[in-house]
1. Could you derive backbone 3J(HN,Hα) for region 55-64 from the dihedral phi with the Karplus parameters 6.51, -1.76 and 1.60 (θ = phi - 60°), listing whole Hz in sequence and x where the residue is Gly or Pro?
2. Mind checking Rg over Rh on region 104-236, alpha carbons, Kirkwood formula for Rh?
3. Could you work out, for region 7-235, what percent of all Cα-Cα pairs fall into each 10 Å distance bin, beginning at 0 Å and stopping at the bin that holds the largest distance?
4. For region 175-185, take each phi angle, set θ = phi - 60°, evaluate the Karplus expression 6.51 cos²θ - 1.76 cosθ + 1.60, and give the result in whole Hz per residue in order, putting x for glycine and proline.
5. Using just the helices of the chain, give the 222 nm mean residue ellipticity in deg cm²/dmol: DSSP H runs with n ≥ 4 each add -39,500 (n - 2.57), and the total is spread over all residues, rounded to 500.
6. Give the angle, between 0 and 90 degrees and rounded to the nearest 10, that separates the Cα long axis of helix 214-229 from the longest principal axis of the Cα atoms of the chain.
7. Helix 112-132 sits at what angle to the longest principal axis of the chain, using alpha carbons and giving 0 to 90 degrees rounded to 10?
8. Lysines within cross-link reach of K236: Cα-Cα under 30 Å, excluding same-chain residues under 8 positions apart?
Amino acid sequence: MNPDRETVEVVWLGQVDYRAGWDLQNRLAAQIAAGMRAPIMLLLEHPHTYTIGRRGGRDHLVWDEQQRAQAGVEVVEVDRGGDITYHGPGQLVGYPLLRLAVPGWQGDRLPQADFVGYVRRLEEVLIRILAKFDIQAERCTGLTGVWVPADSASNRPGKIASIGVKVDARGVSRHGFALNVEPEMGYWQGIVACGLEGVRMVSMADLISPVPPIAQVVQQTAQAFGDVFGVDLVWKDNLGGEGIA
C-alpha cells in the first residue's frame, strides 16, 4: 500500500436485482459523503433489465410489453446519464462510488471538465481490460463508451462497453460501466441500444474463443481501475453488514 494513494474497496456481489443494486448504491454513497466509509467499487451482474437514463425515453423500446414479459426483461427508468441500455447475465457491471469533488466543494453539479474527465478515465479502464485479452478497443469520436473496429461484414464499429454515470450534489459518483463479456446478445434487439439507430453491439465472446470466465475479467477490471485512477484497491468479501435489499 502507498500511504500517498487513496484506498478504494472493491467487492464482487454476483447477480443482483437492478433496483436492489440501485438502492444499495444510494445508501453507500450517503455513507461515503458523510465520511462513514471508504470509496468502493461494486462489481456485479444483473438479471435481464432495460434501463432508461435521463437522456432516453420509452420510444427507444422496440419490444412491446408482451414481448418483454415473454423474455423476462424488466424496464427501469434511472437517474444516470445516457439513453437506454441492456443489462443481463454474462455482462460485467461496475459501479465506482468515489468522492470526485474536492474537499469542501459545494454545488449542484460537478464542473463539466471534471465530469467528462471521469468518463474518459472509465473508458481507459475498459480499453485496458480488453487489451489484456488481446482485444483492440478504442473511443469513438463524439460518443461515450468503448468500441471495437469495424468488421468486414457491416463496415461499422461495434460497441462492446457502455457508460452512464451520475455525480450527486455531494460529489459522489453513482452508476458506471457495463462490459459485454458473454451475455445473451439477442436482448439488444429489444431496444434502440444507447439511442443510436443501427448501432452494432458486440461482446468479448464474439471476438475471442474461449471467452474468459467472468471471474478473470473481474480481476483484470480491478487492476486496470487501480492503475488508471491511481488508487490502492482492497478486496472485501462483504459490505460490512450493509445488506442488499
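1. 9, x, x, 6, 5, 9, 7, 8, 6, 7
2. Working: Rg = 15.9 Å, Rh = 16.1 Å.
Checking Rg against Rh, the ratio lands at 0.99.
3. All Cα pairs, binned at 10 Å, distribute as 8, 34, 38, 17, 3, 0 percent.
4. Per-residue couplings from phi come out as 6, x, 10, 9, 10, 6, 8, 8, x, 6, 5 Hz.
5. -8000 deg cm²/dmol
6. 50 degrees
7. Once rounded, the angle reads 60 degrees.
8. Here the lysines satisfying the reach criterion relative to K236 are K132, K166.
Any read-out appearing in this document is the output of simple, stated calculations on the displayed coordinates, not a laboratory observation. Just so it is clear, the structure is predicted and the values come from calculations on it, not from any experiment. When we count neighbours, we look across all protein chains shown, and the Cβ atoms used for this are built from the backbone with ideal geometry, even at glycine.
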